[in-house]
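First up is the structure itself, then whatever we jot down about it.
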Amino acid sequence: MKTTCPYCGVGCGVSVQPDGGITGDATHPASFGRLCVKGAALGDTLHSSGRLLAAQVDGKRAALSDALDSAAARLRAIIDQHGPGAVAIYASGQLLTEDYYVANKLMKGYLGVANIDTNSRLCMASAVMGYKRAFGADAVPCCYEDFTEADLVVLVGSNAAWTHPVAYQRLVQAKQQRPAMRVVVIDPRRTASADLADLHLPLRPGSDGALFSGLLNWLAQHDGIDDTMLPHLNGVEETLTAARPWTLARAADACELDSERLAEFYQLFSQRDRVLTLWCMGINQSAAGSDNNNAIINAHLLSGKTGRAGCGPFSLTGQPNAMGGREVGGLATQLAAHMGFSEAECDRLQRFWQSPTIARQPGLTAVPLFEAVARGEVKAVWILGTSPAVSMPEGNRVIQALAACPLVIVSEVTANTDTTAVADILLPATGWGEKNGTVTNSERRISRQRAFIPPPGEAKPDWWLLAQVAQRLGFGDAFGWQHPAEIFREHAALSGFENNRQRAFDISGLAQLSNQQWDRLTPVQWPVNARFPQGCARLFGDRRFFHADGKARLIPGAAPAAAQVSEAYPLLMNSGRIRDQWHTMTRTGEVPRLMQHIDEPFVALHPVTAQRLGLASGDLARVQSELGWLAARVRLDSGMRLDELFAPMHWSRQFASQSHVDALVKARGCPVSAQPAFKQTPVRIQPLRTRWQGWLWQRAIHPPADVQYWARAPQQGAQRLTLAGDGAARDWAEAQLATQGMQCQQAQGARGEYRLLAWRDGELQLAFYAAARWPMLDHAFITAAFREPPTDAAGRFALLAGRAAQGSAPGRIICSCYGVGEMAIKQAIAQGCASPAALGAALRCGTNCGSCLPELKQLLLTPVTA
Ligand SMILES: Nc1nc2c(c(=O)[nH]1)N[C@H]1C(S)=C(S)[C@@H](COP(=O)(O)OP(=O)(O)OC[C@H]3O[C@@H](n4cnc5c(=O)[nH]c(N)nc54)[C@H](O)[C@@H]3O)O[C@H]1N2
Ligand SMILES: Nc1nc2c(c(=O)[nH]1)N[C@H]1C(S)=C(S)[C@@H](COP(=O)(O)OP(=O)(O)OC[C@H]3O[C@@H](n4cnc5c(=O)[nH]c(N)nc54)[C@H](O)[C@@H]3O)O[C@H]1N2
Ligand code: SF4
Ligand SMILES: [Mo]
């Protein structure tokens with residue numbers, strides 16, 4: 001059985017073996033059999049215990065049909081009293097195309113307002129604007145094969161080694177095969193992706209516009225313009241005029257870069273024939289996100305480095321089906337099938353749907369949508385496949401707004417999230433492996449996600465839940481599908497409807513698939529139509545674009561808008577992703593082996609900045625912005641710029657008491673795309689001093705009370721918490737840990753050290769270790785005791801000490817695929833392993849997905865100490 005990975009926009013093919021094992025699909029053209037750690041661990045996310053199995057209404061379990069009745073009746077009452085503008089849908093780039101199509105049709109064609117936005121607003125909105133302004137269509141021109149053909153690859157605002165690992169590995173391979181290929185990484189941080197870079201430019205955050213305006217100006221002055229492109233371009237004069245002040249010196253100054261190194265990049269870009277620029281959130285999540293996108297596209301258009309193999313401006317999509325959402329119109333600023341809100345387009349869509357009404361103007365985008373909820377103007381919101389309580393900026397305000405909103409419907413696979421906590425109606429959705437449909441990856445490739453296990457409990461596909469409510473609202477005929485292939489056919493037909501080569505997105509060639517053909521659909525890149533019956537890998541080879549006159553447009557850049565720090569908030573906080581976690585961690589956070597790489601919320605800063613602020617590695621720190629604060633563990637990282645911080649976005653209130661990054665981030669962002677600037681928040685940081693810190697293992701999830709800080713990391717057979725508190729650790733343990741009826745072993749040491757083991761019937765129930773600072777423990781040994789308790793007194797004594805009688809701790813897990821720890825790697829290096837390949841031969845680390853190779857190289861560079 002073949003399906004597609006549900007995580008990132010690389011869109012890797014997955015094979016499910018008859019025994020349920022998960023491997024890469026060697027035939028899938030996006031990945032050729034490779035999977036990263038997250039994909040390889042997919043098997044561990046199935047049958048996970050935290051599933052939402054039944055519907056709930058007002059906090060009480062309800063039959064699914066009753067919950068659907070309630071949802072429809074309450075929506076109807078709000079629409080009747082306040083009009084359809086009081087209703088909104090907030091969806092996700094992780095839904096399947098068929099799910100989205102139904103949500104969009106319901107909102108725009110049947111409720112008649114465009115209040116449907118998705119988390120793609122937080123992610124791809126600036127790229128959508130960039131492409132639309134330049135090409136007249138939201139069309140990514142490139143494909144993954146370009147990775148292997150490029151002479152120069154520019155990675156800007158992308159940590160692909162961790163966020164698009166299989167695509168990054170393809171680059172690694174390409175560079176091995178063609179050593180003349182050059183890689184430039186443009187990122188304020190020196191990330192794992194910089195490992196491949198011939199040149200890393202640690203620019204000032206938010207200064208990308210200046211950097212690419214400087215490039216455009218350089219191209220103009222160094223014979224870098226492709227004259228044959230000029231007849232196909234509009235806006236050349238004004239864009240070059242706007243770029244003219246961006247001399248090398250001025251651009252270097254604005255970006256705080258060494259001008260020689262910047263010139264090196266400009267030279268490479270203008271001299272190399274085939275240049276591919278890959279970008280992601282460092283570009284989009286910026287105050288000038290859309291202009292950043294156009295600044296990149298401008299340079300490719302003017303220099304003629306697009307529409308050919310190995311060339312082009314390639315925005316990497318984050319989510320598995322962000323692209324699908326863009327195709328069906330899952331954004332409040334567009335209709336379906338790449339149509340806008342002109343009268344002709346609205347009429348056309350209404351004609352196709354034969355719907356009673358049609359939205360005639362854009363609806364509320366994500367940030368204004370939740371602001372309208374807060375003001376009480378939007379009174380009902382249906383959230384599907386995303387967790388805005390965690391991932392929206394100004395998160396605390398979003399939670400307050402949802403808590404006060406009269407009707408919050410949430411379709412979820414996970415029972416307990418920060419968003420389900422404020423829902424009125426919960427609908428159980430089917431998850432990956434249980435649902436059936438299509439997704440489109442970064443290179444416009446449509447692949448099938450296939451069901452291979454039965455849904456648990458009462459879970460139903462999102463499209464079905466939406467269609468059921470639509471039917472109950474009286475729109476039966478238009479929402480009567482029995483099978484997702486019927487929805488797909490309608491979507492494909494719409495894409496070709498009165499298209500006449502005017503809309504880039506056209507999959508009319510798939511509109512006649514039978515259910516069986518749809519089920520067997522093999523990966524194909526759109527457009528798929530009469531002209532390209534087998535799909536199309538690259539766009540714009542003919543230099544014909546989608547603006548009315550067939551030309552592309554250069555867009556003059558606005559002045560770059562870098563975030564300003566102040567005396568009260570003198571540091572800039574950047575936020576993003578780590579290798580083994582996915583967003584709000586509902587799936588990856590419950591998988592012990594994915595928690596091993598980084599098991600606690602952290603804040604990274606340069607050692608010099610840390611020293612100046614009185615912070616040391618491993619300290620707990622409190623980071624404060626104008627809006628809120630978070631607690632996290634200090635990590636020293638000499639790849640950071642001075643006076644900047646980086647914090648992962650992942651830890652919700654389900655995994656830590658107070659480490660929610662978006663409680664600090666403002667909703668301000670790009671005025672063109674309405675995408676928030678998540679990467680630049682002015683903050684201050686100080687040590688978070690507590691009297692004790694400790695580790696607690698317990699069997700079930702009980703968030704502890706009365707501590708200053710906690711963070712949870714599931715282990716095999718137990719939940720492990722990191723804790724910090726005031727008062728005496730022993731007093732806290734006696735007051736908070738329920739040990740009634742258990743046999744307790746305790747030890748009290750000097751300087752507040754305290755240890756406690758609690759047993760019932762010979763089974764370990766909890767283990768608690770506290771000290772003034774972090775107690776050093778053998779975690780694997782303690783966790784193992786929950787599965788196999790020690791059988792003799794010596795073993796129990798060793799457990800109370802937190803260390804195995806002999807043997808040593810594995811240290812931080814570096815290779816998650818094979819569970820290889822830092823200690824073993826250091827030992828192998830000490831014994832003579834001198835390369836990642838030698839380490840791989842000795843320990844297997846780095847030989848599966850390869851995403852730990854940058855860290856292995858780092859360890860090889862670290863001097864071996866005793
Ligand atoms: N492991 C993992 N992979 C994922 C995801 C995940 O949750 N976990 N999520 C997926 C999704 S939805 C997305 S959108 C992608 C995101 O993928 P990426 O965009 O690659 O990931 P981020 O960590 O958000 O940010 C990328 C980089 O932007 C840099 N940056 C910050 N500010 C600036 C700036 O001003 N200029 C430049 N040039 N760079 C800057 C940051 O330092 C960071 O290294 O990842 C996808 N893949
Ligand atoms: N500070 C900061 N904040 C950010 C970002 C950042 O870089 N920094 N990045 C932003 C970006 S790019 C993104 S994409 C967002 C991501 O943020 P979210 O979309 O909020 O994060 P997820 O954890 O992916 O949320 C998906 C939810 O859907 C549920 N789910 C999974 N499968 C299904 C399904 O099939 N059906 C339904 N109904 N539910 C399902 C999961 O349990 C989970 O609760 O975060 C944004 N927020
Ligand atoms: S690279 Fe992305 S799509 Fe591929 S296995 Fe990893 S998370 Fe899944
Ligand atoms: Mo994203």
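The values are calculated or read from the model by the stated rules, or taken from the named source; none is laboratory data. For clarity, every value in this text was computed on a predicted model and none was experimentally measured. In this analysis, Cβ positions are derived from the backbone assuming ideal geometry, glycine residues included, and neighbour counts consider all displayed protein chains.
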Point to revise | Failed criterion for Val113 (all others in (1) in a helix (DSSP H, G or I); (2) of a type outside the set (Asp, Glu); (3) farther than 30 Å from Lys2 by Cβ hold) | key: (1)
Check your understanding: Does the stretch 638-654 include one or more residues that are among the small types (Gly, Ala, Ser), in a loop (DSSP other than H, G, I, E, B), touching a residue at least 12 places away in the same chain (Cβ under 8 Å) and on the phi > 0 side of the Ramachandran plot?
Key -> no
Point to revise | Flag if Ala421 is within 15 Å of ligand 2 (Cβ to nearest atom) and in the same structural domain as Gly385 (by TED's automatic domain parsing) | key: yes
Review point. Do the conditions hold for Ser652, that is, is it out of contact with any strand residue (DSSP E or B) (no Cβ under 6 Å at 6 or more places or on another chain), more than 21 Å from Gly157 (Cβ to Cβ) and within 15 Å of ligand 2 (Cβ to nearest atom)?
Key: yes
Revision key, fill the gap. Of the listed residues (Gln596, Gln534), the one being free of Cβ contacts under 8 Å to residues at least 12 places away in the same chain and either in a loop (DSSP other than H, G, I, E, B) or more than 30 Å from Thr722 (Cα to Cα) (or both) is Gln534
Check your understanding: Mind checking which residues of the stretch 829-859 are among the hydrophobic types (A, V, I, L, M, F, W, C), more than 16 Å from ligand 3 (Cβ to nearest atom) and surrounded by 18 or more Cβ atoms within 10 Å (Cβ to Cβ)?
Key -> Ile829, Cys833, Leu839, Leu843, Cys845, Leu856, Leu859
Study note, to complete from the structure: In the stretch 41-75, anything among the small types (Gly, Ala, Ser) and either touching a Ser or Thr at 6+ places or on another chain (Cβ under 6 Å) or surrounded by 23 or more Cβ atoms within 10 Å (Cβ to Cβ) (or both) is listed as Gly50, Ala55, Ala67, Ala71
Review point. Which helices (runs of 4 or more DSSP H) sit wholly inside the stretch 757-866 and have at least 1 residues that are under 33 Å from the mean Cα position of the chain (by Cα)?
Key: 779-787, 822-830, 836-843, 853-861
Review point. Got at least one residue in the stretch 161-172 being in a loop (DSSP other than H, G, I, E, B) and near ligand 1 (Cβ under 10 Å from one of its atoms)?
Key: yes
Practice item. For the stretch 109-132, name all the residues that are within 27 Å of the chain's Cα centre (by Cα), in the same structural domain as Gly340 (by TED's automatic domain parsing) and away from ligand 1 (no atom under 16 Å from the Cβ). Key: Ala114, Asn115, Ile116
Review point. Since Lys60 meets every condition but one in (1) touching a strand residue (DSSP E or B) at 6+ places or on another chain (Cβ under 6 Å); (2) more than 16 Å from ligand 2 (Cβ to nearest atom), which condition does it not meet?
Key: (1)
Practice item. Being out of contact with any Gly (no Cβ under 9 Å at 6 or more places or on another chain) and within 16 Å of ligand 1 (Cβ to nearest atom) is the filter here, so list the residues in the stretch 418-453 that pass it. Key: Trp432
Check your understanding: Of the conditions (1) over 30 Å from Ala493 (Cα atoms); (2) modelled with pLDDT under 95; (3) in contact with a helix residue (DSSP H, G or I) (Cβ under 7 Å, 6 or more places away or on another chain), Asp291 fails just one. Which one is it?
Key -> (2)
Exercise for review: Might you check whether a residue that is within 25 Å of Lys108 (Cα to Cα), among the β-branched types (Val, Ile, Thr) and within 16 Å of ligand 4 (Cβ to nearest atom) occurs anywhere in the stretch 436-447?
Suggested key: yes
Check your understanding: Out of the stretch 156-170, which residues are hydrophobic (A, V, I, L, M, F, W, C), away from ligand 2 (no atom under 16 Å from the Cβ) and under 20 Å from Ala127 (Cβ atoms)?
Key -> Ala167
Review point. Going by the structure shown, is Arg397 assigned to a helix (DSSP H, G or I) and within 27 Å of Arg577 (Cβ to Cβ)?
Key: yes
Exercise for review: Find the residue count for the stretch 76-102, including only residues that are in a loop (DSSP other than H, G, I, E, B) and surrounded by 18 or more Cβ atoms within 10 Å (Cβ to Cβ).
Suggested key: 5
Point to revise | Answer residue from the stretch 260-318, given it is aromatic (Phe, Trp, Tyr) and in a helix (DSSP H, G or I) and is farthest from ligand 3 (Cβ to nearest atom) among those | key: Tyr266
Check your understanding: If you check Lys132, Lys175, which single one turns out to be touching an Asp or Glu at 6+ places or on another chain (Cβ under 7 Å), more than 30 Å from Asp253 (Cα to Cα) and away from ligand 3 (no atom under 16 Å from the Cβ)?
Key -> Lys132
Point to revise | Hey, Val665 in a strand (DSSP E or B), closer than 30 Å to Ala366 by Cα and out of contact with any His (no Cβ under 8 Å at 6 or more places or on another chain) or not | key: no
Check your understanding: Can you tell me which of Ala616, Ala610 is free of Cβ contacts under 8 Å to residues at least 40 places away in the same chain and buried (at least 20 other Cβ atoms within 10 Å of the Cβ)?
Key -> Ala610
Check your understanding: Just checking, which of Ser355, Ser387, Ser286 is within 16 Å of ligand 4 (Cβ to nearest atom), farther than 22 Å from Phe545 by Cβ and assigned by TED's automatic domain parsing to the domain that holds Gly496?
Key -> Ser387
Point to revise | Pairs, first on the phi > 0 side of the Ramachandran plot in the stretch 1-27, second within 16 Å of ligand 1 (Cβ to nearest atom) and at pLDDT 95 or above, C-beta under 6 Å, six or more apart | key: Gly11/Thr4; Gly11/Ala30; Gly11/Asn441
